[in-house]
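Below is one structure, written out as C-alpha cells; comments come after it.
The values are calculated or read from the model by the stated rules, or taken from the named source; none is laboratory data. Quantities reported herein were computed from a predicted structural model and do not represent experimental measurements. Cβ: placed from backbone, ideal geometry, glycine included. Neighbour counts: every protein chain shown.
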Amino acid sequence: MSKKKKVNVVYSTNPNYSYDYESDREDETLDASQQNLKIWLDRKGGGKVVSVVKDFVGSADDLKELGGELKKLCGVGGSAKNGEILIQGDHRDKILNYLTKQGYGAKKAGG
C-alpha cells in the first residue's frame, strides 16, 4: 500500500501544479574513493566517548551496512543514521586503518 507524504500547500492557482515529494528520493552512494570521511571523537552524556564517522554521502542502507562492518571490527555497539556512524569508545585508529584499506578517503578530524 502506497502512503502519500503530507505536503504543506494550502492553495495553488495553477491547474497543472503537481506535488513534489522530495523525501522519497534517496542519494546515490558515491564510490569509496570519492568519499571524504572525517573521524571525530565526541563525548556523550555521562562522560561516554564515541568515535563519529561524518560526511558519508549515500543511501541509508549503505550507511547502515558500513556502520555494521565498523561495529564488528571494533567489537562494540553503535548506530548509523543521518549521514553519521557512531561507534562506542575511542576506536579512531582502527576505523581509519580499515577505511583506508577499503579505499575510502578518510582522515582524523577535530582536536
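So, in the stretch 37-49, how many residues would count as being surrounded by fewer than 19 Cβ atoms within 10 Å (Cβ to Cβ) and in contact with a Ser or Thr (Cβ under 7 Å, 6 or more places away or on another chain)?
Qualifying residue count, the stretch 37-49: 1.
The residue that is nearest to residue 33 (Cα to Cα), among those in the stretch 50-83 that are surrounded by fewer than 19 Cβ atoms within 10 Å (Cβ to Cβ), of a type in the set (D, E, K, R) and touching a strand residue (DSSP E or B) at 6+ places or on another chain (Cβ under 9 Å), is 55.
Is the stretch 29-41 home to any residue that is among the basic types (Lys, Arg), more than 21 Å from residue 105 (Cβ to Cβ) and at pLDDT 75 or above? No, every residue in the stretch 29-41 fails to be among the basic types (Lys, Arg), more than 21 Å from residue 105 (Cβ to Cβ) and at pLDDT 75 or above. Restricting attention to the stretch 80-111, the residues that are over 18 Å from residue 43 (Cβ atoms) and touching a residue at least 24 places away in the same chain (Cβ under 8 Å) add up to 10.
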